[in-house]
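Here's the structure, in C-alpha cells; my notes come after.
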There are 2 protein chains.
Amino acid sequence: MGKTTRTKAVIITIGDEILIGQTLDTNATWLASQLHRRGIEVLRMLTVSDREEEIERAIRQSIKDAELVVCTGGLGPTRDDITKEVLCKIAEEKLVFSQEVFDWITERKRQQGKEPNELHRRQSYMPTGFDFFKNNRGTAPGMLGEIDDSIIVSLPGVPYEMKELMTEQIIPVLLEKLPVEISAVRTLLTAGVAESELAQKLSGLEDNLPEGLSLAWLPGHTRVRIRLTSRGDDRQEVEQRLDECVARVRDILGDIVYGEGDDSLEEVVFGLLRKKQLSLAVAESCTGGFIAHLLTLVPGVSACFKGGVVAYSNQIKREILNVNEETLSEHGAVSAETVREMLAGVCRNFGVDTGVAVSGIAGPDGGTSDKPVGTVWVAVGGVEKQHVEKLQLNLNRKLNIEKSGLLALNMLRLFLSRD
Amino acid sequence: MGKTTRTKAVIITIGDEILIGQTLDTNATWLASQLHRRGIEVLRMLTVSDREEEIERAIRQSIKDAELVVCTGGLGPTRDDITKEVLCKIAEEKLVFSQEVFDWITERKRQQGKEPNELHRRQSYMPTGFDFFKNNRGTAPGMLGEIDDSIIVSLPGVPYEMKELMTEQIIPVLLEKLPVEISAVRTLLTAGVAESELAQKLSGLEDNLPEGLSLAWLPGHTRVRIRLTSRGDDRQEVEQRLDECVARVRDILGDIVYGEGDDSLEEVVFGLLRKKQLSLAVAESCTGGFIAHLLTLVPGVSACFKGGVVAYSNQIKREILNVNEETLSEHGAVSAETVREMLAGVCRNFGVDTGVAVSGIAGPDGGTSDKPVGTVWVAVGGVEKQHVEKLQLNLNRKLNIEKSGLLALNMLRLFLSRD
C-alpha cells in the first residue's frame with residue numbers, strides 16, 4: 001500500500017430482497033473491485049432495506065466517514081424505490097420534473113414500440129443540484145452530487161445497467177473530482193499447479209518486491225490467479241514497474257501462465273487451434289459434455305471445434321468411438337489404454353486433427369480400492385502423437401467434473417503450445 | 001408479514017478480501033435466508049475490514065439496534081484475525097486459554113497426522129462468558145454470548161465451516177433463546193412460462209391469500225420460483241395453511257411446476273426416466289454439450305443416460321447422426337426437419353428409447369433475417385413419436401445456450417410426464 005492518503009468510500013446496497021437472503025449482492029463486490037483498482041479504499045459495505053429511515057441513516061453516517069458514497073438500488077419506478085427522495089432530504093434539494101429525462105425515456109420506450117406511462121413520468125423527477133447520467137440499458141438514470149464535501153453516487157440496482165453506467169460515465173467523472181492515487185493492475189492466470197508450489201517458485205520475487213508493488217494470490221480449484229498492483233505518483237513509472245514485474249513472473253512461471261485478466265482457458269485453446277489451423281473434437285466420459293460446453297461458449301469456435309461424443313456408457317465407447325472390447329474388459333473404462341483409444345476414435349470418426357478424451361470416476365459411487373472416486377485419465381493429441389496423464393482428485397462430483405474438464409483443457413493447451 | 005414484533009438481526013462480515021472486491025460475500029446472503037426463514041428480520045448487513053476499530057464500531061452500533069448480531073470471519077489463527085479480542089473488549093471479558101479447545105484441536109490435527117502449532121494454541125484462547133461450539137470442519141470454534149441484552153454470535157468465515165456450525169449448533173440455541181415467530185416456507189419451481197403469465201394465473205389466489213400467508217416471486221431466465229411463507233402462533237396451523245396453499249398453486253399451475261426447494265430439472269427428468277425404465281441420449285448442436293453436462297451432474301444418472309453427440313458441424317450431423325444431406329441443404333441446420341432427424345439418428349445409433357435434439361443460433365454471429373440469433377429448434381421423444389418446438393430467445397450467447405438447454409430439458413420432462 002502506498003503512503004499517500006487514499007480516498008475512502010462506502011458502498012450502500014438498497015433492497016429488501018438482499019436482506020431476506022433471496023438475492024446475492026454481486027453489485028457491491030463488483031463496485032469494490034472497480035474502486036480498489038483505482039486506489040480508492042472501500043471502508044465499509046452496507047446493505048439496508050427499502051425503508052426511508054434506514055436509507056437516510058446509512059447515507060448520513062457514510063458521508064461523515066467517507067469522501068465517496070456509492071448507492072445502488074431503489075431507483076425503479078415502483079413505490080418501494082425511494083432513494084431519490086432520501087437524497088433530496090439529506091442534500092436539502094427538491095425533486096423537479098426533468099423534461100430532458102422524460103423525453104429520453106419516451107424515445108427509448110418508442111424504440112421498443114411502447115408508450116411511456118405514469119411510472120416513467122415519476123422516474124423523470126430528478127433532485128436539483130445533482131448531475132444525472134442516461135442509462136443505455138434501462139429507464140432509471142444514474143445520479144452524482146455533493147453533500148458536505150462528500151461525493152454521492154446513486155445507481156440502479158440491475159447489475160448490467162449499474163455496471164455500464166459506472167464504467168462508461170461515473171468513473172471518468174470520479175477520476176476528475178477525487179484525488180485518486182495512480183495505480184495499475186494486471187492479473188496473471190495459471191492452471192494446473194497448486195498455489196503452494198507457485199508461491200515457492202515466486203518466493204524470491206515476492207520477498208523482494210520493489211516499493212509500490214504488491215502481489216496477491218487469488219486461489220481457485222483449478223486456476224490460481226496472481227494479481228500484481230503497482231501504485232505511485234507517476235503514471236509512467238507505475239506502469240513500467242508493473243510491466244517489469246509481470247515479465248519476471250512470466251519468466252519464472254513459463255507456460256504455467258495461460259493468460260491475463262479475463263482470458264479463459266477455452267479461449268486460449270481456441271486461439272492456439274486457429275493459429276495452427278487445427279480442428280478439434282472431444283470424447284468425454286466422466287466430464288459428460290462439460291469440456292464441449294466450455295469450448296462452445298467461445299464465439300466463433302465452430303471454425304475449429306467440430307463436436308464430440310459424450311460416451312457415458314461402454315457401449316457408446318465401443319460403437320461410436322471404436323474402443324476395443326478387450327481394452328475395456330482388460331484395463332477398464334477408466335484407464336490409459338481406454339482414453340488413448342477414445343482419442344484415436346474421435347479423431348478418426350470425426351475427421352479432426354486433435355482431440356481430448358477423458359474417462360474417470362466422478363463419484364459419489366463407482367470407486368474401488370484400485371481406482372477410487374476422483375481417478376481420471378486424460379489423453380490429448382491426435383491419432384499419432386498422444387499425451388496421457390492420470391489425475392487424482394479429491395472433491396465432490398460436481399467439482400471433480402469441473403476440475404478434470406479444466407485440467408484436460410489445460411493439458412491440451414500445453415500440448416498445442418509445446419508441439 | 002405477521003403483526004408480532006419480529007426479532008431484529010444485523011449480519012456483520014469481517015474481511016479485507018471482500019472490501020477489495022476479491023471475494024463475493026456469500027455468507028451474509030446464506031445467513032440472511034436462514035434467519036428470514038425463521039421469522040427473524042435482518043435489519044442490515046455490514047462488511048468491515050479486519051481493523052480493530054472498524055469491527056468494534058460495527059458491533060457496538062449493531063447491539064444497539066438489534067437483538068441478534070451474527071459476525072463471520074476474523075477467527076483464523078493469523079494476526080489479521082482479531083474478532084475475539086474485540087468481543088472481549090466490548091463485553092468486558094477476558095481471553096482465557098481453554099484446555100478443552102486445545103485438546104480438541106490437537107485431536108483433530110493428530111487425526112490428520114499433524115501436530116498442533118503455536119497458532120493453534122493461540123486459537124484456543126476463548127472469551128470468558130461466551131459459550132463455544134466445536135467446528136467439525138476446521139479449527140476455529142464458533143462463539144455465542146450476550147452483551148447488553150443482545151445475543152452475539154461469532155463464526156468462522158470459511159463458508160462450509162460457518163454453515164455447519166450455524167445449522168447444527170447455533171440455530172437450535174437461538175431458537176431457544178429468542179422469541180422466534182413460528183413460520184414455514186415452501187418454494188415451488190416452474191419452468192418454461194414467464195413470470196407475468198404465471199402471475200396472471202395466480203392473481204385470484206394472490207389477491208385473496210389467507211392472513212399469515214405471503215407469496216414471493218423469484219424470477220430467473222428460465223425458471224421462476226414461487227415462495228410461499230406461512231407465519232403464525234401455532235405450528236400445526238401454520239403448516240396446514242401452507243400445505244393447503246401449495247396444493248392450490250399446484251392445482252392451478254399443473255405440470256408447469258416441476259419440483260420444490262432444491263430440485264433440479266435434470267434430477268426430475270432422471271426420476272421420470274428411471275420410473276419409466278427408459279434410456280436417454282442427446283444430440284446437441286448450439287447447446288454444445290450443456291444438456292449432457294447438466295444430466296451428468298446427477299449422481300447415478302448412468303442408469304438411464306447413455307451419452308450423446310455434440311454435432312457442432314454439419315459433417316457430424318450427417319456422419320454420426322445420419323441427418324440427410326438434402327434436409328440440411330433444403331431446410332438448413334436450424335430447422336424442424338434437421339432436429340427431427342438428429343433425434344431419430346441419436347436414438348437409433350445410440351440404441352436408446354428417448355432423446356433430445358437441439359439446433360440453433362447462439363450468436364453473436366450467424367443470424368439471418370429469417371433465422372435471427374436466438375432461433376433454436378428442439379425435438380424431444382424417440383424414433384416414432386416426437387415433439388418439436390421452436391424457441392425465439394433474445395439473450396447473449398452464454399444465456400441463449402443455457403436457456404435453450406434448460407427449456408429443452410423441460411420439454412423432455414413434459415413429454416415424459418404426459419406420455
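The values are calculated or read from the model by the stated rules, or taken from the named source; none is laboratory data. Model, not experiment: these values are computed from the prediction. So basically every Cβ, Gly included, is an ideal-geometry build from the backbone, and we count neighbours across all protein chains shown.
Going by what's in this entry, would B:Arg122 be described as of a type in the set (Lys, Arg) and more than 34 Å from the chain's Cα centre (by Cα)?
Taking the combined requirement at face value, the residue satisfies it.
Taking region B:101-116, which residues are closer than 22 Å to B:Thr83 by Cβ and either exposed (fewer than 12 other Cβ atoms within 10 Å of the Cβ) or of a type in the set (A, V, I, L, M) (or both)?
If the condition is that a residue be closer than 22 Å to B:Thr83 by Cβ and either exposed (fewer than 12 other Cβ atoms within 10 Å of the Cβ) or of a type in the set (A, V, I, L, M) (or both), then B:Val101, B:Ile105 are the ones that fit.
Looking only at residues that are part of a helix (DSSP H, G or I) and aliphatic (A, V, I, L, M) in region B:373-413, which one is modelled with the lowest pLDDT?
Among those that are part of a helix (DSSP H, G or I) and aliphatic (A, V, I, L, M), it is B:Leu399.
Considering only region B:82-125, how many residues are of a type in the set (Asp, Glu) and closer than 23 Å to B:Ile152 by Cα?
4
Tell me which helices (runs of 4 or more DSSP H) are completely within region A:202-306 and hold 2 or more residues being in the same structural domain as A:Asp353 (by TED's automatic domain parsing), crowded, with 16+ Cβ neighbours inside 10 Å and not aliphatic (A, V, I, L, M), or say none if there are none.
It comes to A:265-276, A:290-296.
For B:Pro116, state whether it is in contact with a Phe, Trp or Tyr (Cβ under 8 Å, 6 or more places away or on another chain) and in contact (Cβ under 8 Å) with a residue 40 or more places away in the chain.
no
So, A:Lys385, is that one under 19 Å from A:Lys276 (Cα atoms), touching a strand residue (DSSP E or B) at 6+ places or on another chain (Cβ under 8 Å) and not aliphatic (A, V, I, L, M) or not?
When the stated conditions are applied, A:Lys385 does not pass them.
Could you tell me whether A:Lys317 is part of a helix (DSSP H, G or I) and either without any contact (Cβ under 8 Å) to a residue 40 or more places away in the chain or assigned by TED's automatic domain parsing to the domain that holds A:Leu391 (or both)?
Against the criterion (part of a helix (DSSP H, G or I) and either without any contact (Cβ under 8 Å) to a residue 40 or more places away in the chain or assigned by TED's automatic domain parsing to the domain that holds A:Leu391 (or both)), A:Lys317 qualifies.
Does A:Ala281 count as within 17 Å of A:Val378 (Cα to Cα), within 7 Å of another protein chain (Cβ to nearest Cβ) and modelled with pLDDT of 95 or more? Outline the logic, then answer.
On the way: within 17 Å of A:Val378 (Cα to Cα): yes; within 7 Å of another protein chain (Cβ to nearest Cβ): no; modelled with pLDDT of 95 or more: yes.
Answer is no for this residue.
Go through (1) in contact with a helix residue (DSSP H, G or I) (Cβ under 9 Å, 6 or more places away or on another chain); (2) at the interface with chain A (Cβ under 9 Å from one of its Cβ atoms); (3) more than 30 Å from A:Leu395 (Cα to Cα) one by one and return the number of the condition B:Ser359 breaks.
It fails just one condition, (2).
Facing another protein chain (nearest Cβ under 9 Å) and among the acidic types (Asp, Glu): is that true of B:Glu325 in this structure?
no
Rundown of residues vs (1) touching a strand residue (DSSP E or B) at 6+ places or on another chain (Cβ under 8 Å); (2) under 27 Å from A:Arg223 (Cβ atoms), yes/no style:
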position	(1), (2)
A:Gln315	yes, no
A:Gly345	yes, no
A:Gly363	no, yes
A:Trp377	yes, yes
A:Gly405	yes, yes
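Of all residues in region B:218-261, which are within 14 Å of chain A (Cβ to nearest Cβ) and among the polar types (S, T, N, Q)?
If the condition is that a residue be within 14 Å of chain A (Cβ to nearest Cβ) and among the polar types (S, T, N, Q), then B:Thr229 is the only one that fits.
Of the residues in region A:134-188, how many are of a type in the set (A, V, I, L, M, F, W, C), assigned to a loop (DSSP other than H, G, I, E, B) and touching a residue at least 40 places away in the same chain (Cβ under 8 Å)?
Of the residues in that region, 3 qualify.
Please work out which residue is surrounded by the most Cβ atoms within 10 Å (Cβ to Cβ), limiting yourself to region B:390-419 and to residues that are among the basic types (Lys, Arg) and either out of contact with any Gly (no Cβ under 8 Å at 6 or more places or on another chain) or touching a residue at least 40 places away in the same chain (Cβ under 8 Å) (or both).
B:Arg413
Evaluate region A:382-389: report whether one residue or more is closer than 23 Å to A:Leu265 by Cα and in contact (Cβ under 8 Å) with a residue 60 or more places away in the chain.
no
Okay, residues lined up against (1) at the interface with chain B (Cβ under 8 Å from one of its Cβ atoms); (2) in contact with a Cys (Cβ under 6 Å, 6 or more places away or on another chain); (3) surrounded by 24 or more Cβ atoms within 10 Å (Cβ to Cβ):
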| position | (1), (2), (3) |
| --- | --- |
| A:Ile40 | no, no, yes |
| A:Met45 | yes, no, yes |
| A:Ser49 | yes, no, no |
| A:Glu54 | yes, no, no |
| A:Glu67 | no, no, no |
| A:Val70 | no, no, yes |
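Would you call A:Val86 more than 14 Å from chain B (Cβ to nearest Cβ), at pLDDT 95 or above and within 20 Å of A:Asp148 (Cα to Cα)? Explain how you work it out, then say what you get.
On the way: more than 14 Å from chain B (Cβ to nearest Cβ): yes; at pLDDT 95 or above: no; within 20 Å of A:Asp148 (Cα to Cα): yes.
Against the criterion (more than 14 Å from chain B (Cβ to nearest Cβ), at pLDDT 95 or above and within 20 Å of A:Asp148 (Cα to Cα)), A:Val86 does not qualify.
Keeping to region B:333-372, report how many residues are in a loop (DSSP other than H, G, I, E, B) and either farther than 12 Å from B:Ser404 by Cβ or of a type in the set (Ser, Thr, Tyr) (or both).
Of the residues in that region, 14 qualify.
Being at the interface with chain B (Cβ under 7 Å from one of its Cβ atoms) and not hydrophobic (A, V, I, L, M, F, W, C) is the filter here, so list the residues in region A:14-24 that pass it.
A:Gly21, A:Gln22
Any residue that is within 30 Å of A:Glu402 (Cβ to Cβ) and at pLDDT below 95 - is there at least one of those in region A:165-175?
Pass one, region A:165-175, residues within 30 Å of A:Glu402 (Cβ to Cβ): A:167.
If we keep only those that are at pLDDT below 95 as well, we get A:167.
Yes - at least one qualifying residue is present in region A:165-175.
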